[in-house]
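The values are calculated or read from the model by the stated rules, or taken from the named source; none is laboratory data. None of these values were measured; they are calculated from a predicted model. Don't worry about glycine lacking a Cβ; one is built from the backbone with ideal geometry, like all the others, and counts go over all protein chains shown. Heads up: the accessible areas ignore ligands, DNA and RNA and are worked out on the full protein's heavy atoms, side chains in. Shrake-Rupley method; radii C 1.70, N 1.55, O 1.52, S 1.80 Å.
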Amino acid sequence: MNLLKQAIIEKGKALSDEVLKVDAFLNHQIDPVLMEQIGKEFAERFQREGITKILTIESSGIAPAVMAGLQLHVPVVFARKRKSLTLVDNLLIAKVHSFTKGETNEISVSKDYLLDEDVVLVLDDFLANGQAALGLVDIVKQAGSTLAGVGSVIEKGFQPGGDMLREQGIRVESLAIIDSLANKQISFREE
Ligand code: 5GP
């Protein structure tokens, strides 16, 4: 997606060989015009899948997921990373390991919002080692819903998450795939 790649080049910053900072439009400040285009792109790619719900994870997945939900006219559910006062029972829970933080956390979603008849698109901002996506896929399975696929705004193709999901037969759509951040230079995979 050219508009996204342009934003990554102009506003993104490789903090190291592994980490990309995109606080200017996705992870802190949000560019709604770009998010709208991202939502349209996801909707177009998954329009024939009969999606009834989008599942993402707080907080940076919410903006692109809401824009995709707006286009597909389906509700968006976000998994919570922290304990909530109101979300206490009837929960679907999965463990998500963060290699960067070196810790494992539980994410949770209410059973009220994911039903066995749902066809679910899992969306997130980044796809790196794939642990967040795997946790969301696990929750879709626990709910008995059908998984339509996984969408990521930015996939770091040099990390194993995307290929690991594809090898499991999951459809993965990434709007920009970064092949390398070596020497703090951002390079994209040719499509
Ligand atoms: P994974 O579980 O695929 O390893 O990582 C997914 C999560 O880690 C994303 O939801 C994102 O919040 C965060 N993440 C991983 N790599 C990066 C990165 O290079 N930049 C930013 N901003 N977030 C990242």
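Laid out as a table, the results:
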item	result
Signed unit charges on C-beta, dipole axis of the stretch 2-181, positive-most listed residue LEU87, GLN37, LEU134	LEU87
Helix 62-72 vs. the chain, principal-axis angle (Cα, 0 to 90°, nearest 10)	70
CD proxy at 222 nm, helix term only [per DSSP H run n ≥ 4: -39500 (n - 2.57); per residue of the chain; nearest 500]	-9000 deg cm²/dmol
Part-to-part distance (alpha-carbon centres) for the stretch 68-127 and the stretch 38-54, which is given in Å	18
Surface share of carbon and sulfur [accessible, 1.4 angstrom probe, percent] for the stretch 2-181	49
Over the chain, relative contact order from alpha-carbon pairs under 8 Å, at least 6 apart, %	20
Descending semi-axes in whole angstrom, ellipsoid equivalent of the stretch 2-181, from the Cα gyration tensor	24, 19, 16
Electrostatic dipole magnitude of the stretch 2-181 [Cβ: Lys, Arg +1; Asp, Glu -1; Cα centre; debye, to 20]	220
DSSP bridge pairs, the chain: antiparallel proportion in percent, nearest 5	40
Accessible area in square angstrom per residue, the stretch 72-191, 1.4 angstrom probe	52
Under Karplus coefficients 6.51, -1.76 and 1.60, residue-wise ³J(HN,Hα) of the stretch 5-10 in Hz, glycine/proline x	4, 4, 5, 5, 5, 6
